[in-house]
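Just so it is clear, none of the values below were taken in a lab; they were calculated from the coordinates. Just so we're clear, the structure is a prediction, and the values are computed from it rather than from any experiment. When we count neighbours, we look across all protein chains shown, and the Cβ atoms used for this are built from the backbone with ideal geometry, even at glycine.
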Amino acid sequence: MNIFVAKLNYRTTSEELQKHFEQFGEVSSAKVIFDRETQRSKGYGFVEMPDDEAANSAISQLNESEFDGRTIVVKEARPKSESY
DNA sequence: GCTGAGCGA
């Protein structure tokens with residue numbers, strides 16, 4: 001399941017994000033979006049978890065929670081939308 | 001060096 005994480009601290013890295021989510025389950029890949037020019041953090045990232053139950057648990061526990069001193073927002077990334 | 005809604009190279 002792809003997870004969208006927003007309002008992250010600008011200093012938070014992908015490693016910290018992955019470690020934070022690994023506490024709830026397996027994390028296949030975690031990535032914080034950085035600006036390709038300045039390499040600065042955009043303040044949000046994506047976390048991919050193979051276990052849906054672990055992903056839901058992580059979302060429920062990490063959504064609107066404090067991380068690195070900031071209240072982050074964790075939601076499902078790119079809600080599956082069937083093409084019309 | 002910084003700010004704070006939003007969906008990625």
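For this structure, a couple of remarks:
- When each of the peptides A:53-63, A:29-39 is scored by the mean number of other C-beta atoms lying within 10 Å of its residues, the order from highest to lowest reads A:53-63, A:29-39.
- Kirkwood hydrodynamic radius of the stretch A:2-76, from the reciprocal of the average inverse Cα-Cα distance over all distinct pairs: 12.0 Å.
- Cα-centre dipole for chain A with unit charges at Cβ (Lys and Arg positive, Asp and Glu negative), debye to 20: 460 debye
- Straightening the chain between A:Asn56 and A:Arg36 buys 4.2 nm, computed as 0.36 nm per residue apart minus the Cα-Cα spacing.
- The count of lysine pairs in chain A whose Cα atoms are under 18 Å apart, excluding pairs fewer than 8 places apart on the same chain, comes to 9.
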